[in-house]
Amino acid sequence: MGNYMESYTGKINRKLQKKQRIISVAAGREPADLVLKNAAYVNVFSGELRTADIAVAEGLIVGLGSYQGTEEADMTGKIVCPGFLDAHIHLESALVSPKEFARAVLPHGTTTVITDPHEIANVMGADGIDYMLQATQGLPIDVRFMIPSCVPATPLDEAGANLDYRAIDSFFEHPRVQGLAEMMNYPGIVGGDGDTVAKIVASQTHHKKIDGHAPGLTGKELDAYIAAGVYSDHECADLEDALAKLRRGQFIMIREGTAAKNLEALLPLLSENYYDRCMFCTDDKHPSDLLEKGHIDFIIRKAISLGANPIRTIQVACHHAARYFLLNNRGAIAPGYLADFAVVNNLQDFEVETVYKKGKLVYGNGQVADFAEPEIEPYLQKRAADTFHVAHLTEADFADERLRGVLGLVPGQIVTTDNGYASKIEAEKDILKIAVIERHKNTHHIGIGYVQGYGLQKGAVATSVAHDSHNIIVVGENEADMAEAANRVAALHGGIVVVNGGVVTAEVQLEIAGLMSNAPLVAVNDALEQAKEAAFALGVSRKIDPFMTLSFLSLPVIPALRLTTRGVLDVIKQQYI
């Protein structure tokens, strides 16, 4: 007991000394650690630009006025913004490790992200959540978590795990967990399904947030969904849907990512009437977008170019998400807030020049500062590297020529159309065979169907990024190349593969749970772009992304038709055809 009391007393004394120094610096009795001199800064509380020295001590903003510091940086002619927050993202979508993701977004002023490790949890279960918690510990961006609510996405899918409320309950006590991630199973909520609603009850018991995912839900069903305790939605693709949810009290996450782009449709939400109920998110952000366009800064830049008020837009990009997630010490430039800054050249071009995290320069002069790599326990590293349990595949596994449903692709969208039935490959009619192979438990379950609109004229394309269960999905002009492509994905322990005539013409290895690579972002992007060109060379339509399009065709919650390990599913009727 004595040692405990000594430890506790020592902790209190250290915190007291730190607090006393913060007060002393704020009062001008001691120099600050850092002072941003002559800073024109965005005040998110008053909605205006103010000018002052910004004093920092112990990682916090301590004063706005006239200050001296051990380190000083002249901000004349620049605009200092609070660090930006992404309100909802799946880090796995960047196809690189969390540390590489951090390197990618720091130059764009992002200092906090709210991630849903839904993809890796569908592969590794609770171990996947633990892996991501460890892989993000101590990064120079603050990674907060929403715990996956749908593993698997629906009972119709075959994932690597099945997480009920008991399996996720303990995670709510983790200091970086903010709540329950997107409740995709809205039919389960509206229908009062006990197992589904129990997850909301568990999250609320821990006083946590619950995020939503309910595209197009209306009327009494929407009322029931929100009454259950779902506080936000990021799936609004049109203004009518967004306003219906906002008027019922939900916060709207305006999404502008790689797969879904909703900013233009929802731009009116950035008006005075609605903007304080909005925040920005990307959901999914692929390597080329991160490298060529940016992150939250890209959304701000685009919104301003479309006529949005710059100050309001910045408020949406930082303060509103912080407030929603009860991260009460970030998202603003004021005494007591974290010293997270994104310094931009002006409010029109909005080019991020320097970034500070807790008062430390983490990006400047075009360089990201070095940082320590998070430590991941060996057990989790081994688990993440060994997630493929599937027998060797042959041409005969895909040779069934019974009548199957045809998934019709819609360029630029992830919905599909019901294009009837087919019994064989007819490349001249753009009818190709598609298959989903269960890869978690070696069940040898293979769902077979057909797809139209992909354009492939020869060969096959396969990927282990297949939402949400991430089985192997492969499309081909012949069954032999389909088997070759799927086998190569398994041999790589995950990835994207293009095959022609039995020869691999391009590949991207994704050895972390079949979803992410340990390689640098630039290297992964280069391999990805080469693979795209290899797919286009085989006839894949340039109107679509060869791999992103393929990855969504197995997601059994998006209409009209999808393909799972059990066959072609009519999503509207929730039955196999």
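The values are calculated or read from the model by the stated rules, or taken from the named source; none is laboratory data. Being a predicted model, the structure only gives us computed values, none of them experimental. For neighbour counting, all protein chains shown are included, and Cβ atoms are generated from backbone atoms with ideal geometry for every residue, glycine included. Only protein heavy atoms, including side chains, enter the accessible area calculation; ligands, DNA and RNA are left aside. Shrake-Rupley method; radii C 1.70, N 1.55, O 1.52, S 1.80 Å.
Structure notes:
- Filtered by the rule that a residue be outside any loop (DSSP other than H, G, I, E, B) and more than 19 Å from Asn487 (Cβ to Cβ), the stretch 507-521 gives Ile512, Met516, Ser517, Leu521.
- Residues satisfying the stated conditions in the stretch 74-89, i.e. more than 30 Å from the chain's Cα centre (by Cα) and open to solvent by less than 20 Å² (accessible area, probe 1.4 Å): Met75
- The residue list Leu49, Leu64 contains one member that is over 23 Å from Glu373 (Cα atoms), touching a helix residue (DSSP H, G or I) at 6+ places or on another chain (Cβ under 9 Å), open to solvent by 20 Å² or more (accessible area, probe 1.4 Å) and not in a loop (DSSP other than H, G, I, E, B), which is Leu49.
- Residues located in the stretch 294-339, provided they are of a type in the set (Phe, Trp, Tyr) and either more than 11 Å from Pro82 (Cβ to Cβ) or within 19 Å of the chain's Cα centre (by Cα) (or both): Phe298, Tyr324, Phe325
- Subset of the stretch 303-324 [in contact with a helix residue (DSSP H, G or I) (Cβ under 7 Å, 6 or more places away or on another chain), of a type in the set (Gly, Ala, Ser) and surrounded by fewer than 23 Cβ atoms within 10 Å (Cβ to Cβ)]: Ala308
- Qualifying strands (runs of 3 or more DSSP E) (wholly inside the stretch 158-256; at least 2 residues being in contact with a His (Cβ under 7 Å, 6 or more places away or on another chain) and open to solvent by less than 30 Å² (accessible area, probe 1.4 Å)): 177-183, 251-255
- Filtered residue count, the stretch 539-554, keeping only those that are open to solvent by 10 Å² or more (accessible area, probe 1.4 Å) and either farther than 16 Å from Gly495 by Cβ or part of a loop (DSSP other than H, G, I, E, B) (or both): 8
- Against the test of being in a helix (DSSP H, G or I), surrounded by fewer than 21 Cβ atoms within 10 Å (Cβ to Cβ) and of a type in the set (Lys, Arg), the options Lys99, Lys37 yield a single qualifying residue, Lys99.
- Residues in the stretch 424-442 that are over 30 Å from Thr387 (Cα atoms), in contact (Cβ under 8 Å) with a residue 24 or more places away in the chain and exposed (fewer than 13 other Cβ atoms within 10 Å of the Cβ): 0 in all.
- Among the residues examined, Val44 qualifies as aliphatic (A, V, I, L, M), surrounded by 14 or more Cβ atoms within 10 Å (Cβ to Cβ) and touching a His at 6+ places or on another chain (Cβ under 6 Å).
- Residues satisfying the criterion are present in the stretch 505-522 (criterion: closer than 25 Å to Lys429 by Cα, of a type outside the set (A, V, I, L, M) and in contact with a helix residue (DSSP H, G or I) (Cβ under 6 Å, 6 or more places away or on another chain)).
- Taken over the stretch 387-423, the criterion of being in contact with an Asp or Glu (Cβ under 9 Å, 6 or more places away or on another chain), open to solvent by 40 Å² or more (accessible area, probe 1.4 Å) and either assigned to a strand (DSSP E or B) or farther than 19 Å from Thr565 by Cα (or both) is satisfied by Asp418 alone.
- Among the residues of the stretch 501-537, those that are open to solvent by less than 10 Å² (accessible area, probe 1.4 Å) and more than 30 Å from Ala126 (Cβ to Cβ) comprise Ala531, Ala535.
- Glu92 being of a type in the set (D, E, K, R) and assigned to a strand (DSSP E or B): no
- Identity of the residue in the stretch 246-275, among the charged types (D, E, K, R) and touching a residue at least 24 places away in the same chain (Cβ under 8 Å), that ends up nearest to Asp195 (Cα to Cα): Arg248
- Figure legend. Inter-residue proximity from the stretch 479-503: first residues touching a residue at least 60 places away in the same chain (Cβ under 8 Å), second residues open to solvent by 50 Å² or more (accessible area, probe 1.4 Å) and β-branched (Val, Ile, Thr), beta-carbon distance below 7 Å, spacing 6+ or different chains. Indicated pairs: Ala483/Thr394.
- Scan of the stretch 384-438 for residues that are of a type in the set (A, V, I, L, M, F, W, C), in contact with a strand residue (DSSP E or B) (Cβ under 7 Å, 6 or more places away or on another chain) and farther than 29 Å from Gly514 by Cα, ordered by number: Leu403, Ala422
- Residues that are in a helix (DSSP H, G or I) and open to solvent by 10 Å² or more (accessible area, probe 1.4 Å), drawn from the stretch 482-500: Glu484, Asn487, Arg488, Ala490, Ala491
- Pairs where the first residue, in the stretch 525-542, is in contact (Cβ under 8 Å) with a residue 24 or more places away in the chain and within 25 Å of Ile431 (Cα to Cα) and the second is open to solvent by 20 Å² or more (accessible area, probe 1.4 Å) and assigned to a loop (DSSP other than H, G, I, E, B), C-beta under 6 Å, 6+ apart: Leu538/Lys458; Gly539/Gln457
- Taking the listed residues Met132, Met124, Met146, the one that is crowded, with 22+ Cβ neighbours inside 10 Å and over 30 Å from Tyr337 (Cα atoms) is Met124, with no other qualifying.
- Residues that are open to solvent by less than 50 Å² (accessible area, probe 1.4 Å), out of contact with any Phe, Trp or Tyr (no Cβ under 7 Å at 6 or more places or on another chain) and either in a loop (DSSP other than H, G, I, E, B) or over 28 Å from His319 (Cβ atoms) (or both) within the stretch 340-365 comprise Asn345, Asn346, Leu347, Phe350, Gly359, listed in sequence order.
- Scan of the stretch 424-443 for residues that are part of a loop (DSSP other than H, G, I, E, B) and under 30 Å from the mean Cα position of the chain (by Cα), ordered by number: Glu438, Arg439, His440, Lys441, Asn442, Thr443
- Phe280 meets the stated requirement of being of a type in the set (Phe, Trp, Tyr), surrounded by 23 or more Cβ atoms within 10 Å (Cβ to Cβ) and touching a residue at least 24 places away in the same chain (Cβ under 8 Å).
- For the stretch 283-302, filtered to residues that are out of contact with any Asp or Glu (no Cβ under 6 Å at 6 or more places or on another chain) and without any contact (Cβ under 8 Å) to a residue 60 or more places away in the chain, the residue that is least open to solvent (accessible area, probe 1.4 Å) is Asp289.
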